[in-house]
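I have placed the structure first, in the form of structure tokens, so that the comments after it can refer back to it.
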Amino acid sequence: QASHGNTGRLPLSSGWLSGAAVVLLGVGFIWTNDAYFPFPWALVPVLCTTLLFAAISARDGGGGVVRAVLESWPATYIGRLSYSLYLVHWPVFSVFRWTVGMDDPIPAWIALILTFALAAYSYHIVESRFRDNDYLRRQSSGRIVVFGLGSMAVASLFVAVLFNPFYRISNSVTRDVA
């Protein structure tokens, strides 16, 4: 056997790893029990993700379908939106749970679509404008830090007032006082 040295590739085939990930994902969808979430059932998607990334770095250099899906336009766009999705999903899903509920498929889909729409808006209108702003690029690091600290102080003051018992805002959807 000729030795090809350490190529940094895993000694398993991408097909086997991808198949194992798909089977494990199916197991997670079929047998997940809410009583055992997040532990141990949250480990299933983590292990699936690990197996899919391992498939990309397998010895056969493939990753074929996995690589093609992860490099596709929709997947990379979701990756660009990921931080905005992270910021937006919780308030959207919380408001839906407090108001119309999330048990039926239609409100759940509407919440998901609204989350993506708000994340795309946040990414394109807010995040990209700050990141690509020539005026901000010309500012010194110190000035940017002072602006950031000032913004945090204003936000902290806003939160302190919002959660002050005297100014208490109820998040109840009924007239009951919490």
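The values are calculated or read from the model by the stated rules, or taken from the named source; none is laboratory data. Since the model is a prediction, treat every value here as computed from it, not as a measurement. Positions of Cβ are generated from backbone atoms using ideal geometry, with glycine treated the same way; all protein chains shown enter the neighbour counts. Ligands, DNA and RNA are stripped out before the accessible areas are found, and what is left, the full protein with its side chains, is counted by its heavy atoms. Shrake-Rupley method; radii C 1.70, N 1.55, O 1.52, S 1.80 Å.
Counting only residues that are modelled with pLDDT of 95 or more and open to solvent by less than 40 Å² (accessible area, probe 1.4 Å), the stretch 71-83 holds 1 of them. The number of residues in the stretch 150-163 that are in a helix (DSSP H, G or I), farther than 22 Å from residue 123 by Cα and open to solvent by 90 Å² or more (accessible area, probe 1.4 Å) comes to 3.
A quick yes/no check of all residues on (1) open to solvent by less than 80 Å² (accessible area, probe 1.4 Å); (2) in contact (Cβ under 8 Å) with a residue 40 or more places away in the chain:
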residue	(1), (2)
17	yes, yes
22	no, no
29	no, no
41	yes, no
57	yes, yes
64	yes, yes
69	no, no
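In the stretch 89-103, the residues that are open to solvent by 60 Å² or more (accessible area, probe 1.4 Å) form Cβ pairs under 7 Å with partners that are outside any loop (DSSP other than H, G, I, E, B) and not hydrophobic (A, V, I, L, M, F, W, C), at six or more places apart or across chains, as follows: 89/115; 100/107.
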